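Beneath this line is the structure, given in structure tokens, with notes to follow.
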Amino acid sequence: MAIDVVITQKGLLKQPLTEADLSPAGLRSGHWNQAGALDDGPASDGRVLCDPARPGRGCFLQAVPGEKGRAALRQTLPCTPGDLEVFYGLVERICQVWRTDRFTQDGEEHRLCDIPRLKEGLLKGCAGLLKTMAERWQADGEGVLTGAVYPLYVEPEAVERLKSGDLDFFQQYLARKQTGDRYYAKPNFYRHDNGVDILGLYAVTEGVESILPLAPFVPPLYSVYLQDFHVTDEQVTEWRVALNRVWEEGGQLTGRTLGYAPFAEFAQKVGLDRCPRFDERHVLVSVDDVSKILG
């Protein structure tokens, strides 16, 4: 579920949106990659925005610099109170740039003065949706949640807390998991020359804290983002880890792949099962010397 807002600029002398209008100071901006993790830079049709201090689920702003006619915003539900502050803050900002106090939400026209009432109603609705979602996760035995920065596989103890519909805990949980400078190691997939076998490849860079699964798997979100290449866990015949090193040379960052290791061998050498847990399916890994993995 989501809420959709459309803002339309009227009049003959239209004001184009600037990069500063689309990515206000203080917000983090980027785009979701094929694994649902946030990468830097906008997509071709818009950008994801969130508060870097308390990233929740993030919102998507569909507009590019120079846009004069129409901007659309989407907020996935249930969301956090902080998400709604960012979302409606962007609505207000674009309305002010375009000198209008009207916007359309889910097909119904509203004024800027309606925003406090809309937020109040959405907070009540989000609490109920969160409770329902957590109850379904508990019944299914696994909870997968899209976040602003990383997708999360929610731990059973967190699911139990979320069953109460506690939006403050929801916001704290998402902020705790999604703040910090970490690399989300998403798998890339390659078809072998025989046209049948598929290689799943993760990448780990020396000295960079990475979020890596305890056991390799095809993320559910890949079915949404990949086109003409539908892959399941059963189809992947080999899982490997690319081991990279990055250094500064002549004032520029450069790097190369030193080699590859089977995932099971990598997991054994770094003690993956003893690494700090990130969520139900992932741990935090930092390799000081990747050459030792290859030795």
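No lab work stands behind these numbers, since they all come straight from the coordinates. Keep in mind it's a predicted model, so treat the numbers as computed, not measured. Cβ atoms come from the backbone with ideal geometry, glycine included; neighbour counts cover every protein chain shown.
Annotations
- Selected residue [closer than 16 Å to Val6 by Cα and not in a strand (DSSP E or B)] from Arg93, Arg161, Arg117, Arg136: Arg93
- Phe87 vs. criteria more than 19 Å from the chain's Cα centre (by Cα) and not β-branched (Val, Ile, Thr): no
- Only listed residue being among the β-branched types (Val, Ile, Thr), under 18 Å from Gln172 (Cβ atoms) and in contact with a Phe, Trp or Tyr (Cβ under 8 Å, 6 or more places away or on another chain), chosen from Val154, Val144: Val154
- Just one residue in the set Arg70, Arg47, Arg28 is touching a Ser or Thr at 6+ places or on another chain (Cβ under 9 Å), within 29 Å of Ser210 (Cα to Cα) and of a type in the set (D, E, K, R); that residue is Arg47.
- The listed residues are Phe266, Phe217, and the only one of them that is aromatic (Phe, Trp, Tyr), out of contact with any strand residue (DSSP E or B) (no Cβ under 7 Å at 6 or more places or on another chain) and either closer than 23 Å to Val149 by Cβ or surrounded by 14 or more Cβ atoms within 10 Å (Cβ to Cβ) (or both) turns out to be Phe217.
- Residue tally, condition under 16 Å from the mean Cα position of the chain (by Cα) and not in a strand (DSSP E or B), over the stretch 47-81: 12
- Any chance Ala242 is buried (at least 17 other Cβ atoms within 10 Å of the Cβ), out of contact with any helix residue (DSSP H, G or I) (no Cβ under 6 Å at 6 or more places or on another chain), free of Cβ contacts under 8 Å to residues at least 60 places away in the same chain and more than 25 Å from Thr179 (Cα to Cα): yes
- Residues that are of a type in the set (A, V, I, L, M, F, W, C) and out of contact with any Gly (no Cβ under 8 Å at 6 or more places or on another chain), drawn from the stretch 276-289: Phe278, Val283, Leu284, Val285
- Output for the stretch 9-27, where each listed residue is crowded, with 19+ Cβ neighbours inside 10 Å and not in a loop (DSSP other than H, G, I, E, B): Asp21, Leu22
- Residues located in the stretch 164-184, provided they are part of a loop (DSSP other than H, G, I, E, B), under 19 Å from the mean Cα position of the chain (by Cα) and surrounded by fewer than 16 Cβ atoms within 10 Å (Cβ to Cβ): Thr179, Gly180, Asp181
- Residue match in the stretch 225-234 (condition: without any contact (Cβ under 8 Å) to a residue 60 or more places away in the chain, of a type outside the set (A, V, I, L, M) and touching a helix residue (DSSP H, G or I) at 6+ places or on another chain (Cβ under 8 Å)): yes
- Looking only at the stretch 30-46, and only at residues there that are buried (at least 19 other Cβ atoms within 10 Å of the Cβ) and under 20 Å from Pro16 (Cα atoms), the one that is farthest from the chain's Cα centre (by Cα): Gly46
- Search result, residues across the stretch 101-114 that are in a helix (DSSP H, G or I) and surrounded by 15 or more Cβ atoms within 10 Å (Cβ to Cβ): Leu112, Asp114
- The set of residues in the stretch 139-157 being out of contact with any strand residue (DSSP E or B) (no Cβ under 7 Å at 6 or more places or on another chain) and either of a type in the set (Phe, Trp, Tyr) or surrounded by 16 or more Cβ atoms within 10 Å (Cβ to Cβ) (or both) consists of Gly147, Glu155.
- When the residues of the stretch 280-295 are filtered to those that are under 17 Å from Pro187 (Cα atoms) and touching a Lys or Arg at 6+ places or on another chain (Cβ under 8 Å), the one that is surrounded by the most Cβ atoms within 10 Å (Cβ to Cβ) is Val283.
- All conditions in (1) under 20 Å from Met1 (Cα atoms); (2) out of contact with any Lys or Arg (no Cβ under 6 Å at 6 or more places or on another chain); (3) crowded, with 20+ Cβ neighbours inside 10 Å hold for Asp83, with the sole exception of (2).
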